[in-house]
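Engineer: Please see the structure below; I have some questions.
The values are calculated or read from the model by the stated rules, or taken from the named source; none is laboratory data. From a predicted model like this one, the values you see are computed outputs, not experimental measurements. Cβ placement follows ideal geometry from the backbone for every residue including glycine, while neighbour counts extend to all protein chains displayed. The protein model used for the area step is the full one, side chains on, heavy atoms only, and it has no ligands, DNA or RNA in it. Shrake-Rupley method; radii C 1.70, N 1.55, O 1.52, S 1.80 Å.
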Amino acid sequence: MQSLWIGASGMTAGQRQLDVSAHNLANVNTIAFRRQRAIFRDDQSPWLQRPAWPTAAGLPESGTGVRHAATLTDHHVGAIEPSDRPSDLALAGPGFFVVETPDGERLYTRNGAFMVDAEGRLVNDQGHFLLDDDGDPIDLPRGATLRVQQDGSVWAEFADGNRRRIADLAVATFINPAGLMPRGGSAFAATAASGPADLGRPGRAGRGLVRQGYLERSNVDLAAEMVTMLLAQRAFSFNARVVQTSDEMFALANHLPS
Amino acid sequence: MLRGMYVAASGMLSAAARHEVNSVNLANLQTPGYKARQVALGTFFEYMMRANAAHGGSPVGPVASGPAVAASVADMRQGSLQQTQRPLDLAVQGPGFFMIQTGDGVAYTRAGDLRLNDDGLLVTAEGYPVWTDAGFIRLPHDRVTVTPQGAVIVDGNTVARIRLVRFAEPERLTRADGGYFLANAWSGAPQDDDESLIVQGMLETANVETDAAMVDMLHALRVYEASQQALRVQDALLGLAANDLARF
């Protein structure tokens, strides 16, 4: 009687889904957060298989429960909303801003809540610098106002009305964004599974346009996530009941001699 | 008398088997495209005789000697569709199956949570390539449209049509690890399915009926309990016969 372990695998799956849903719900207001999804598969572990009962087809068949196959990040774009801060940027469409950590590591994010630091560089709340198409941080001259056009050109506007183009933003796309490694703060690192970053201008080859003064919301759908979480809770209780029933059956088998 | 013990024991064993199937179904409540398992009980001896005849033995008359699992089949009814909005989540409406290539060969599945791998190849969540009429396909990105007829449209161009197949008796397909199905002599060979529709941005949920599974689980538990009681009574009777009958 394998039901005890089968029930346990079901409880683990329910718990895993609850963890993922809780993480998604906690980030429902995190800028540019990408929801995660747990993927489950019917499990037939060969080492747990025993010579089972014959099926209609005359072949042994007995499942061994459920397994957590993968956790995917869902990269569909969230809603873009006005923020009225001139250093807030959003990508209206696919792609990622390219940022650099203080350690010099390249990360990719859609979180465009940047600030201008004391040296005039655009930096986000994680301390990551926004990079231009040459891979350099953006330097805003002292006293100038930041202007970012839809095509990613960055301009410094001076009090006397003069404008100077100081940089061009690059937008990264990946062949398999789901393979990116989440690094916290809505930032991701490229991996072998995601493929290398393909850099290009905003608006070209399917990349989104840059919107200044806008931010992208989390792509978590609150109602849908709540439903998923409730179902996971139910799945957990059903499987707890399986374990309990298996235990009762074991007790009955144990008390066979009268 | 002894046969009574075996009848009671086979009652316990078959109730345990039913419980096991309900456990597997309930464990897979969150598995996309999962098809519930069903067991059919038959009479133990009749099953043995059938097996015997199949191996060259000659059949004898029927003897009732308790239940045994005669068959395990898949419940192939349509599961409900859940909206996900992911462009590579595909649900099949109708009897069709996706055709995929695992390490061991071609397999069939209703789980349409597809993705692109690092080469841009269209694969299942577990990384198995998906068959289309143009073989395996590479896509430049996942912003694709999939029509109900399975045509994959990328940047305005139709690149391939996802293959759907159907079986004469899908209930009798062999199950493989990961919830994939394999064709066998009983299921029949796969045939192209032009009637089933693909719904993009949706996933088919497990078709397990939780209330029925819970009721069946309770029923199996009580049958197990009753069979255990019957076994204890048989044991007590045997004890009387062995120890007390000949006592003067």
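Engineer: Need one value: the accessible area of A:F250 in square angstrom, 1.4 angstrom probe, rounded to the nearest 10.
Structural biologist: Taking all protein chains as shown, A:F250 has close to 70 Å².
Engineer: Additional query: Residues with beta-carbon under 9 Å from that of B:Q85, excluding B:Q85: net charge, scoring Lys, Arg +1 and Asp, Glu -1? Walk me through the numbers before you get to the answer.
Structural biologist: Values: positive: B:R86; negative: A:D74, A:D221, B:D89.
Taking every Cβ under 9 Å from that of B:Q85, the sum is -2.
Engineer: If you don't mind, there's one more thing I want to ask. Kindly identify segment A:66-116 as rounded, prolate or oblate by the Cα gyration tensor criterion: order the square roots of the eigenvalues as a ≥ b ≥ c, call it rounded if a/c is under 1.5, otherwise compare a/b with b/c, prolate if a/b is larger, else oblate.
Structural biologist: Here segment A:66-116 falls in the oblate category.
Engineer: If a paramagnetic tag sat 7 Å from the Cα of A:T30 along the Cα-Cβ line, which residues of segment A:205-239 would have the backbone N under 14 Å from that point?
Structural biologist: A:217-221
Engineer: Averaging sequence separations of C-alpha pairs under 8 Å and six or more residues apart, then dividing by the length of segment A:72-147, give the relative contact order as a whole percent.
Structural biologist: Across segment A:72-147, relative contact order equals 24 percent.
Engineer: In whole Å, what are the Cα extents of segment A:154-258 along the three principal axes, biggest one first?
Structural biologist: 100, 31, 22
Engineer: While we're looking at this one, here's another question. Once the whole set of protein chains is in place, how much accessible area is left on A:M249, using a 1.4 Å probe, in Å² to the nearest 10?
Structural biologist: Its accessible surface works out to 0 Å², give or take rounding.
Engineer: Here is a further query. Tell me the relative contact order for chain B as a rounded percent, counting alpha carbon contacts under 8 Å between residues six or more apart.
Structural biologist: Relative contact order, chain B: 27 percent.
Engineer: Hey, another quick one. Given the -39500 (n - 2.57) contribution per DSSP H run of 4+ residues, what per-residue ellipticity at 222 nm results for chain A, rounded to the nearest 500 deg cm²/dmol? Mind dumping the intermediate values first?
Structural biologist: Numbers: 2 runs with 57 residues, N = 258.
Calculated mean residue ellipticity at 222 nm is -8000 deg cm²/dmol.
Engineer: For every other residue with a beta carbon closer than 15 angstrom to the beta carbon of A:A224, add +1 if it is Lys or Arg and -1 if Asp or Glu, then tell me the sum.
Structural biologist: Cβ neighbours under 15 Å give a net charge of +1.
Engineer: Please report the relative contact order for chain A, taking Cα pairs under 8 Å with a sequence separation of at least 6, and give it as a percent rounded to a whole number. List each step's numbers first, then the result.
Structural biologist: Numbers: 546 pairs, mean separation 70.2, N = 258.
Normalised by residue count, the contact order of chain A is 27 percent.
Engineer: Give the accessible area for B:E225 in Å² (nearest 10); use a 1.4 Å probe, count only protein heavy atoms, and leave out ligands, DNA and RNA.
Structural biologist: Surface accessible to solvent at B:E225 totals approximately 60 Å².
Engineer: Here's a follow-up. May I ask for the angle, rounded to the nearest 10°, between helix A:222-254 and the longest principal axis of chain A, with both axes built from Cα atoms and the value confined to 0 to 90°?
Structural biologist: With rounding to tens, the tilt is 20 degrees.
Engineer: Moving on. Can you give the local net charge around B:T210? Use residues other than it whose beta-carbon is closer than 11 angstrom to its beta-carbon, Lys and Arg +1, Asp and Glu -1.
Structural biologist: -1
Engineer: Let's see if you can work this out: charge +1 on each Lys and Arg Cβ, -1 on each Asp and Glu Cβ, no other charges. What is the dipole magnitude of the protein assembly as shown about its Cα centre, in debye to the nearest 20?
Structural biologist: In debye, rounded to 20, the protein assembly as shown gives about 840.
Engineer: Continuing with the same structure: Obtain the nm distance between the two label points defined at B:A185 and A:A192 by a simple spin-label model: each point lies 7 Å from its Cα along the Cα-to-C-beta direction.
Structural biologist: Reported label-point gap for B:A185 and A:A192 is 4.3 nm.
Engineer: Related question: From a point 7 Å beyond the Cα of B:L237 in the direction of its Cβ, which residues of segment B:1-37 have a backbone N at a distance under 19 Å?
Structural biologist: The answer is B:1-13.
Engineer: With both bridge residues required to lie in segment B:64-133, what share of the DSSP beta bridges run antiparallel, to the nearest 5%?
Structural biologist: Once the DSSP bridges in segment B:64-133 are tallied, antiparallel ones form about 100 percent.
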